[in-house]
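**Q** One structure coming up, written as structure tokens, with questions to follow.
The values are calculated or read from the model by the stated rules, or taken from the named source; none is laboratory data. The structure displayed is predicted, hence computed values, not measured ones. Quick reminder, even Gly has a Cβ in these numbers, built from the backbone with ideal geometry, and neighbours come from all protein chains shown. Just so you know, the surface numbers come from the protein's heavy atoms only, side chains and all, with ligands and any DNA or RNA stripped out. Shrake-Rupley method; radii C 1.70, N 1.55, O 1.52, S 1.80 Å.
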Amino acid sequence: MEPHAPDPALFGHIRVVIGMVISLSMARLLTGLATFVQHPGKDRPYWIHLAWVLSMFLFILHFWWWEYRLPTLTVIGFGVYLFLICYCCLFFFLCVLLFPASIEEYGSYEQYFMSRRKWFFLLLALTYAVDLLDTALKGTAYFGSFGYEYPARNLAYIVLACIAAWTANRRFHAAFVTLGLIHQVSWIFRAFDILD
């Protein structure tokens with residue numbers, strides 16, 4: 001069967017499914033943050049953990065902002081649909097790792113986060129790799145429109161996330177999340193501030 005331009009209604013259908021998974025991710029982050037207000041003495045926040053929560057919140061908002069560009073895809077088959085849904089599922093898994101159902105066995109968010117860092121950072125590295133593929137789906141011209149900074153940024157995140165998975169050095173983790181947030185905010189406003 002020869003590919004043809006997709007029906008515009010298909011994009012709405014895909015956005016609904018993507019929106020459900022993204023909504024679960026956002027709900028997990030917001031519910032987790034609300035527990036600090038609901039039970040202020042129960043679990044002490046850990047600032048590096050909270051900074052990654054903010055980073056994930058921005059990453060998800062940024063991803064959803066990009067979804068406006070979904071209709072630029074000239075062909076959407078089940079493979080692309082499955083890829084997009086799996087990409088969204090990575091966000092959900094990352095959010096669940098940031099806010100598990102309970103941290104009682106760990107004693108604090110710092111202990112929990114550092115003990116689960118391999119899972120979190122390896123999934124984060126995978127997410128940035130998938131993001132490169134996601135951008136490539138939109139075509140060579142679109143990918144190239146970001147210059148060298150975009151692939152360099154993603155490769156840097158992948159390498160640093162792999163290092164973060166293996167090191168418990170708090171200074172490294174503090175520098176990674178702080179510099180990452182600064183660049184993330186800068187990148188969003190420089191590359192994606194206005195949709196046209």
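**Q** If I ask for residues that are within 19 Å of GLY79 (Cβ to Cβ) and in contact (Cβ under 8 Å) with a residue 12 or more places away in the chain, which ones from the stretch 140-149 would you list?
**A** Residues of the stretch 140-149 within 19 Å of GLY79 (Cβ to Cβ): 140, 142-143.
Matches in the stretch 140-149: TYR142 only.
**Q** Sticking with this structure for a sec: Of all residues in the stretch 140-160, count the ones that are open to solvent by 60 Å² or more (accessible area, probe 1.4 Å), modelled with pLDDT under 95 and either more than 23 Å from VAL80 (Cα to Cα) or aromatic (Phe, Trp, Tyr) (or both).
**A** Of the residues in the stretch 140-160, 2 are open to solvent by 60 Å² or more (accessible area, probe 1.4 Å), modelled with pLDDT under 95 and either more than 23 Å from VAL80 (Cα to Cα) or aromatic (Phe, Trp, Tyr) (or both).
**Q** State all residues of the stretch 37-57 that are surrounded by 15 or more Cβ atoms within 10 Å (Cβ to Cβ) and assigned to a helix (DSSP H, G or I); if no residue qualifies, say none.
**A** ILE48, HIS49, LEU50, ALA51, TRP52, VAL53, LEU54, SER55, MET56, PHE57
**Q** So, one more: Do we have PHE121 as in a helix (DSSP H, G or I) and open to solvent by less than 60 Å² (accessible area, probe 1.4 Å) here?
**A** Working: in a helix (DSSP H, G or I): yes; open to solvent by less than 60 Å² (accessible area, probe 1.4 Å): yes.
The answer is yes for PHE121.
**Q** Of the residues ILE194, ILE163, ILE182, ILE188, which single one is open to solvent by 40 Å² or more (accessible area, probe 1.4 Å), modelled with pLDDT under 95 and out of contact with any strand residue (DSSP E or B) (no Cβ under 8 Å at 6 or more places or on another chain)?
**A** On the way: ILE163 fails: modelled with pLDDT under 95; ILE182 fails: modelled with pLDDT under 95; ILE188 fails: open to solvent by 40 Å² or more (accessible area, probe 1.4 Å).
After applying the criteria, what remains is ILE194.
**Q** Further question: LEU137 - would you say it is out of contact with any helix residue (DSSP H, G or I) (no Cβ under 7 Å at 6 or more places or on another chain), open to solvent by 20 Å² or more (accessible area, probe 1.4 Å) and touching a residue at least 24 places away in the same chain (Cβ under 8 Å)? Working first, answer last.
**A** Values: out of contact with any helix residue (DSSP H, G or I) (no Cβ under 7 Å at 6 or more places or on another chain): no; open to solvent by 20 Å² or more (accessible area, probe 1.4 Å): yes; touching a residue at least 24 places away in the same chain (Cβ under 8 Å): yes.
So LEU137 fails the test.
**Q** Assuming LEU84 fulfils every condition listed in (1) farther than 24 Å from LEU160 by Cβ; (2) in contact with a Phe, Trp or Tyr (Cβ under 9 Å, 6 or more places away or on another chain); (3) aliphatic (A, V, I, L, M) apart from one, which condition is it?
**A** (2)
**Q** May I pose another question? Filter the stretch 150-196 for residues that are without any contact (Cβ under 8 Å) to a residue 24 or more places away in the chain and not hydrophobic (A, V, I, L, M, F, W, C) and give the result.
**A** PRO151, THR167, ASN169, ARG171, SER186, ARG190, ASP193, ASP196
**Q** Is one or more of the residues making up the stretch 20-36 in a loop (DSSP other than H, G, I, E, B) and either among the aromatic types (Phe, Trp, Tyr) or open to solvent by 30 Å² or more (accessible area, probe 1.4 Å) (or both)?
**A** Filtering the stretch 20-36 for residues in a loop (DSSP other than H, G, I, E, B) gives none.
No, the stretch 20-36 contains no residue that is in a loop (DSSP other than H, G, I, E, B) and either among the aromatic types (Phe, Trp, Tyr) or open to solvent by 30 Å² or more (accessible area, probe 1.4 Å) (or both).
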